[in-house]
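Written below as structure tokens is the structure these notes are about.
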Amino acid sequence: MPTASIHPAFLPGLSSALTSAADPHRAPAMRAYMRDQFDVLGVGTPQRRAAGKPLLSGLKGAGASALLAHAGALWLQPQREYQYVALDMLAIHWKELTSADIPELFTLVADKPWWDTVDAMAGIIGDILRHQHDYMDQALHDNNMWIRRIALLHQLGWRDQTDEQRLFNDCLTLAHEKEFFIQKAIGWALRDYARHAPETVRLFTHKEKERLAPLSFREANKHLG
């Protein structure tokens, strides 16, 4: 766990900025979109980023321990926008993190998990790894489904830096799972790589069609015709 403390003005300042940016009339629809799992203030993405920008910019150079401490404090807040701000912060300052921080990021993933925070964290972890795969072998077999989803998605956007054999092996390793979010992630990961190597993905998915879930196959071939 991070040992650094957060700046005493950070949470009060952010709370004030988010409250000012909130539109309570948007809150019911936002809660419904998240299946009423989380409370929300009613702050849209552009407004949230604008509200948090001054405070998050001030954390430049703070270092991994301080960033993780701030992220942990934000994760404890009841409204979902605070977790989004934590992810905004980590995305802005990802260069201050290393693969050694990934276990702590997984701790955040496992708390209040849903696709919104998990997929954003997958992108951050992908940036931190910089075309490496530290912790991803263990993550692929983690008991937590959301951690397994990150293992499938961490190469999104890597294009020619994608480890093609790892991607295909990972997809087949989890292809037996009935969980929607795993089947969807397999399809998404393959579809993303298909932008760079369409014929390779086409051949792989047709060869392994009997092993892949129909959802995964459809998603992978969505733009391949």
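The values are calculated or read from the model by the stated rules, or taken from the named source; none is laboratory data. Source: prediction; values computed, not measured. Ideal geometry is used to build each Cβ from the backbone, glycine not excepted, and the neighbour counts take in all protein chains shown. The accessibility values were calculated without ligands, DNA or RNA, using every heavy atom of the protein model including side chains. Shrake-Rupley method; radii C 1.70, N 1.55, O 1.52, S 1.80 Å.
Apply the a/c threshold of 1.5 to the C-alpha gyration tensor of segment 25-180 and tell me whether it is rounded, prolate or oblate.
oblate
Can you tell me the accessible area per residue over segment 1-86, all protein chains present, probe 1.4 angstrom, in square angstrom?
The answer is 52 Å² per residue.
If R₀ is 30 angstrom, what is the calculated FRET efficiency for the pair His133 and Ala29, using the beta carbon separation as r and rounding to 0.05?
0.20
Using a 1.4 Å probe over the heavy atoms of the protein chains, calculate the carbon and sulfur portion of the accessible area of segment 123-181 as a whole percent.
Looking at segment 123-181 in its full context, I get 42 percent from C and S.
Does anyone have the angle between helix 45-57 and the longest principal axis of the chain? Alpha-carbon axes, 0 to 90°, nearest 10?
Tilt relative to the chain: about 60 degrees.
Give me the net charge of Lys95's neighbourhood, meaning all other residues with Cβ under 14 Å from the Cβ of Lys95; Lys, Arg count +1, Asp, Glu -1.
Here the count lands on -1.
By how many nm would the segment from Arg211 to Thr45 grow when fully extended, if each residue of separation counts as 0.36 nm and the alpha-carbon distance is taken off?
Values: separation 166, 0.36 × 166 = 59.76 nm, distance 3.83 nm.
Here the segment from Arg211 to Thr45 would lengthen by 55.9 nm.
Arrange the peptides 129-138, 76-85 so that the one whose residues have, on average, the most other Cβ atoms within 10 Å appears first. Mind showing how you got there, number by number?
Working: 129-138: 14.9, 76-85: 20.0.
Ranking the peptides 129-138, 76-85 by packing returns 76-85, 129-138.
Given R₀ = 22 Å, what would the calculated FRET efficiency be for Asp36 paired with Ser15, taking r from the Cβ atoms and rounding to 0.05?
The calculated FRET efficiency here is 0.45.
Binned at 5 Å from 0, what are the whole-percent values of the Cα-Cα distance distribution for segment 1-60, short to long?
The percentages, shortest bin first, are 4, 18, 21, 20, 16, 13, 8, 1.
Note the angle between two axes, namely the Cα long axis of helix 80-92 and the longest principal axis of the Cα atoms of the chain, as a number of degrees from 0 to 90, rounded to the nearest 10.
70
Once each part is reduced to its C-alpha centroid, what is the distance from segment 155-169 to segment 1-78 in angstrom?
Cα centroid of segment 155-169 versus Cα centroid of segment 1-78: 32 Å apart.
Expressed in nm to one decimal, what extension gain is obtained for the pair Leu224 and Lys112 from 0.36 nm per residue of sequence separation less their Cα-Cα distance? Walk me through the numbers on the way to the answer.
Numbers: separation 112, 0.36 × 112 = 40.32 nm, distance 3.53 nm.
Stretched out fully, the Leu224 to Lys112 stretch lengthens by 36.8 nm.
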